[in-house]
Amino acid sequence: MSKPLSRLQATLCGFVAILLWALLALFTVFTGDIPPFQLTAMSFAIAFSAVVIKWIVAGDDILNLIKLPPALWLLGVGGLFGYHFFYFMALKSAPAAEAGLIAYLWPLLIVLFSAFLPGERLFWFHVVGALISLLGAGLLITKGEALSIQPDYINGYLAAIACAFIWSSYSVLSRKFADVSTDVVGVFCGVTAVLSLVCHLAFEETVLPGTAGEWLAVIGLGLGPVGAAFFLWDLGVKRGDIQGLGVLSYISPLLSTLLLLVFADTAISWALLVGCGLITIGAAIGSLNIFKDMMGSKS
C-alpha cells in the first residue's frame with residue numbers, strides 16, 4: 001500500500017491543479033469556434049478515456065469505483081457538471097465581466113466554508129489574503145471598467161452565484177469523503193461528458209475542429225485543465241491546506257492573463273498590472289500556513 005500524502009504534498013498537488021487551470025483560457029482560444037457544451041463534452045471524454053486506460057493497465061476493479069454512496073454521486077456529478085452548466089448559462093444570460101467576477105467568488109467561499117470542517121481553523125490572513133486577491137481578480141476580469149449590475153440580467157447573475165456556491169461546496173465537502181479514492185473523479189468525468197453531450201445536442205450546433213492545432217488544443221484541455229487538474233484538486237482539498245488553496249486559486253486568472261498576453265492579443269493596461277500585483281500580495285498573505293509547513297518540513 002502506498003504511503004498517504006502529507007499535508008504539504010497534498011497542498012502542492014492542489015497548487016499544480018491551479019496552475020493547470022491557468023491554461024484553460026489559452027487552450028480554449030485555440031479550439032476555434034467549438035461551442036462550449038460540445039467542448040466540455042469532448043474534453044471530459046478525453047479525461048475519462050485517459051483514466052480508463054490507467055485503470056486497465058493498473059488492473060483496478062472498475063466496478064468498485066461505480067459503487068458509490070448516493071451523496072458522493074450527487075457531490076461529484078453536481079460539482080463537475082453543475083458548475084460548468086451554470087457557468088455557461090451565466091455567460092449566456094449576463095455580460096461576461098459581471099458573470100465571471102461573480103462566479104469567481106468560489107475561492108473566497110472555500111476559505112469561509114472550510115472553517116466549518118473538523119480540525120480546520122480560519123485565520124485573519126486567510127480572509128484578508130482572499131479579499132485582496134479577489135479585488136485583483138476583479139480588475140483582471142473587468143479590465144478596470146466599471147461594472148453595471150442590471151435587473152435584466154438577473155438570471156445570469158443567479159447562475160453565476162450558483163457556480164460559486166457549487167464549486168466551493170464541492171471542494172469543501174470533498175473533505176467528508178477523504179478516504180474515497182481520487183480515481184472516482186474519473187467516473188464523474190465520464191458522467192459529465194455524457195450530460196454535456198446531451199446539453200450540446202439540445203442547445204448547440206456541432207462544430208468539429210478544423211485544424212490539427214484545434215484538435216491538439218482540445219486534447220490538451222482534456223489531459224490538463226479538464227483532466228489531471230480535477231484529480232490533483234481532489235487530492236489537495238481532501239488532505240491539504242484547503243484555506244491556502246482557496247487563496248492561491250486567485251493565481252489562476254493572473255497566470256491565465258499573462259499567458260494570453262504572451263500568446264494571444266491581450267494588451268497591457270494599468271488594470272492588468274495592478275490586478276497582478278494585488279493577487280500576488282493576497283496569495284502571499286493567505287499562504288502563511290503553507291510557508292510554515294514548508295519550513296517545518298525542512299527542519
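A dipole drawn for the range 7-298 from +1 and -1 charges on Cβ atoms has a positive end, and of Ala267, Phe116, Tyr87 the residue lying farthest that way is Phe116. Across the range 7-298, C-alpha contacts under 8 Å between residues 6 or more apart give a mean separation that, scaled by the residue count, equals a relative contact order of 43 percent.
Which of the chymotrypsin sites (Phe, Trp or Tyr not before Pro) across the range 94-131 are loop residues per DSSP, with 16 or fewer other Cβ within 10 Å? Write out the running numbers ahead of the final one.
Numbers: sites: Tyr104, Phe113, Phe116, Phe123, Trp124, Phe125; in loops: Tyr104, Phe123.
Answer in residue order: Phe123.
Taking a ≥ b ≥ c as the square roots of the eigenvalues of the Cα gyration tensor, the range 99-242 is oblate, since a/c reaches 1.5 or more and a/b is not larger than b/c.
Over the chain, dividing the summed -39,500 (n - 2.57) contributions of all DSSP H runs of at least 4 residues by the number of residues returns a 222 nm mean residue ellipticity of -23500 deg cm²/dmol.
Projecting the Cα atoms of Leu254, Val194, Gln243 onto the dipole axis of the range 132-266, where Lys and Arg carry +1 and Asp and Glu carry -1 at the beta carbon, places Gln243 farthest toward the positive end. Between the range 203-225 and the range 152-168, the C-alpha centres lie 26 angstrom from each other.
To one decimal place, what orientation-averaged projected area in nm² is obtained for the convex hull of the Cα set of the range 172-299?
Computed as one quarter of the Cα hull surface, the answer is 11.5 nm².
At a Förster radius of 30 Å, what calculated FRET efficiency corresponds to the Cβ-Cβ distance of Leu122 and Ser269, to the nearest 0.05? Walk me through the intermediate numbers first.
On the way: r = 34 Å, r/R0 = 1.14.
According to the calculation, E is roughly 0.30.
Which loop-located GluC sites (Glu not before Pro) does the range 190-225 contain, where loop means any DSSP state but H, G, I, E or B and the Cβ has at most 14 other Cβ atoms within 10 Å? Qualifying residues, ordered by number: Glu205. Using θ = phi - 60° in the Karplus curve 6.51 cos²θ - 1.76 cosθ + 1.60, the 3J(HN,Hα) couplings for the range 95-111 round to x, 4, 5, 5, 5, x, 5, 5, 4, 7, 6, 4, x, 5, 5, 4, 4 Hz; x is entered for Gly and Pro.
Note on the range 24-103: Cα-only Rg and Dmax are 16.1, 48 Å.
Taking 0.36 nm per intervening residue step and subtracting the Cα-Cα distance, what contour gain separates Asn155 from Leu5 on full extension? The partial results should precede the final answer.
Numbers: separation 150, 0.36 × 150 = 54.00 nm, distance 4.18 nm.
That pair, Asn155 and Leu5, stretches by 49.8 nm at full extension.
Ignoring solvent entirely, what values of log10 I(q)/I(0) come out of the Debye formula for the chain at 0.07, 0.09, 0.16 Å⁻¹ when each Cα is a single scatterer? The calculated log intensity ratios at q = 0.07, 0.09, 0.16 Å⁻¹ are -0.26, -0.43, -1.45.
Within the range 189-254, all pairs of alpha-carbon atoms sorted by distance into 5 Å bins from zero give the percentages 3, 13, 14, 20, 18, 14, 10, 6, 1. Extending 7 Å from Cα along the Cβ direction at Trp55 and again at Leu135 yields two label points whose distance is 4.7 nm.
For the chain, give the magnitude of the charge dipole about the Cα centre (Cβ charges: +1 Lys/Arg, -1 Asp/Glu; no others), in debye to the nearest 20. Could the numbers behind the result be given before it?
Values: 13 positive and 16 negative charges, 196 e Å.
Using Cβ point charges on Lys, Arg, Asp and Glu, the chain gives about 940 debye.
Between Ser287, Val207, Gly78, the Cα set farthest toward the positive side of the dipole of the chain (charges on each charged residue's Cβ, about the Cα centre) is that of Ser287. For the pair Val207 and Leu261, the difference between a 0.36 nm per residue extended length and the Cα-Cα distance amounts to 16.7 nm.
Throughout, read-outs are computed from the coordinates displayed, never taken from laboratory work. Remember, predicted model here, so these are calculated numbers, not experimental data. FYI the Cβ positions are ideal-geometry reconstructions off the backbone, even for glycines, and counts take in every protein chain you see.
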